[in-house]
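The values are calculated or read from the model by the stated rules, or taken from the named source; none is laboratory data. These figures come from a predicted structure and were not determined experimentally. Positions of Cβ are generated from backbone atoms using ideal geometry, with glycine treated the same way; all protein chains shown enter the neighbour counts. To get the accessible areas, we keep the full protein, side chains included, count just its heavy atoms, and leave off ligands, DNA and RNA. Shrake-Rupley method; radii C 1.70, N 1.55, O 1.52, S 1.80 Å.
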Amino acid sequence: KFYFDNQLMGSLKGVVKNQLGHPLSKATITLNDGQYIETTGTNGIFWIRDIAPGDHNVKLSRYGYSGLEESVSIIDNNITEYDPVLISAPLLQVSAMVRKFHDPSMPLTNVDFEFISSDTIFKITNDSNGQLLIAELPSNTSYQIKVRHPEYKNYDLNLFLDPSTATIPPIYMKERTV
């Protein structure tokens with residue numbers, strides 16, 4: 001047994017599921033802003049041990065699902081059962097326009113986009129008009145977006161996708177210099 005201020009530690013154990021009752025792998029459970037972090041296995045099970053007794057803030061996240069934040073009470077020398085349910089995040093249409101920095105009236109084509117979240121990488125190339133259009137991308141998710149063209153400087157941005165950010169402001173790429 002482990003002791004914390006002369007008290008026995010407790011633990012938090014459960015299964016993360018979706019709204020259909022299916023276990024979710026790769027869900028992240030965070031207690032107390034990162035003091036404890038656990039990721040579910042293929043069966044959705046997690047078990048965090050050696051937690052001080054008392055109330056704790058729990059945050060859950062997984063790509064494609066809306067986050068969840070709740071409070072749980074840990075009792076000394078006990079296992080607290082916690083079986084949260086995550087709801088699918090709304091899918092949004094995402095668009096962006098890529099233009100040449102030195103000639104903003106000209107679209108830049110064949111630009112590769114890479115959307116990177118905590119557990120997924122999505123790649124797509126814009127069209128012949130410089131337009132990027134993704135029909136369905138999970139919202140309520142943070143993405144690192146890498147924009148690449150072999151003749152232009154790399155462009156990176158971070159985006160928390162929600163309805164207000166689904167239209168990315170125009171991207172102006174500068175030519176590479178030798």
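Looking at the calculated P(r) for segment 134-178, what percent of the C-alpha pair distances fall above 14 Å? Mind dumping the intermediate values first?
On the way: 551 of 990 pairs.
More than 14 Å apart: 56 percent of the Cα pairs in segment 134-178.
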Legend entry - segment 1-79 and segment 80-115: distance between their alpha carbon centers, rounded to Å: 30
Legend entry - Given charges at beta-carbon only (K, R positive; D, E negative), |dipole| of segment 97-166 in Debye: 200
Legend entry - Using θ = phi - 60° and Karplus 6.51 cos²θ - 1.76 cosθ + 1.60, couplings along segment 61-70 (whole Hz; Gly, Pro as x): 8, 6, 4, x, 10, 6, x, 9, 9, 8
Legend entry - Tyr172/Glu81 FRET efficiency (R0 45 Å; Cβ-Cβ; nearest 0.05): 0.25
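Could you sort out which of Lys17/Lys123; Lys13/Lys59; Lys59/Lys146 sit more than 20 Å apart by Cα distance in this structure? Working shown, then result.
Values: Lys17/Lys123 28 Å; Lys13/Lys59 14 Å; Lys59/Lys146 27 Å.
Cα-Cα > 20 Å for Lys17/Lys123; Lys59/Lys146; rest within.
Could you give the dipole magnitude of segment 1-73 about its Cα centre, charging the beta-carbon of Lys and Arg +1 and that of Asp and Glu -1, in debye to the nearest 20?
Details: 7 positive and 7 negative charges, 73 e Å.
Around 360 debye, computed over segment 1-73.
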Inset, instruction - Specify which residue in the list Asn140, Ala166, Gly67 is farthest towards the positive end of the charge dipole of segment 35-176, using unit charges on the beta carbon of Lys, Arg (+1) and Asp, Glu (-1), about the Cα centre. - result: Ala166
Legend entry - Heavy-atom SASA rank of Phe160, Phe115 (probe 1.4 Å, accessible area, largest first): Phe160, Phe115
Legend entry - Exposure ranking of Thr167, Thr109 by accessible area [1.4 Å probe, largest first]: Thr167, Thr109
Inset, instruction - Would you kindly find the accessible area of Tyr155, with a 1.4 Å probe and non-protein molecules such as ligands, DNA and RNA excluded, rounding to the nearest 10 Å²? - result: 80
Legend entry - Cα-centred dipole magnitude for the chain, charges only on beta-carbon of K, R (+1) and D, E (-1), debye, nearest 20: 560
Inset, instruction - Estimate the FRET efficiency between Glu69 and Asn43 by the formula 1/(1 + (r/R0)^6), using the beta-carbon distance for r and 22 Å for R0, to the nearest 0.05. - result: 0.40
Legend entry - Cα-derived Rg to Rh of segment 1-92, Kirkwood definition: 1.01
Legend entry - segment 20-178, relative contact order [Cα under 8 Å, separation at least 6], %: 19
Legend entry - Förster radius 22 Å - calculated FRET efficiency between Ser142 and Arg99, Cβ distance, rounded to 0.05: 0.30
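Quick one: compute a quarter of the convex hull surface over the Cα atoms of the chain and quote it in nm².
Numbers: hull surface 54.0 nm².
Over all viewing directions, the chain projects a mean Cα-hull area of 13.5 nm².
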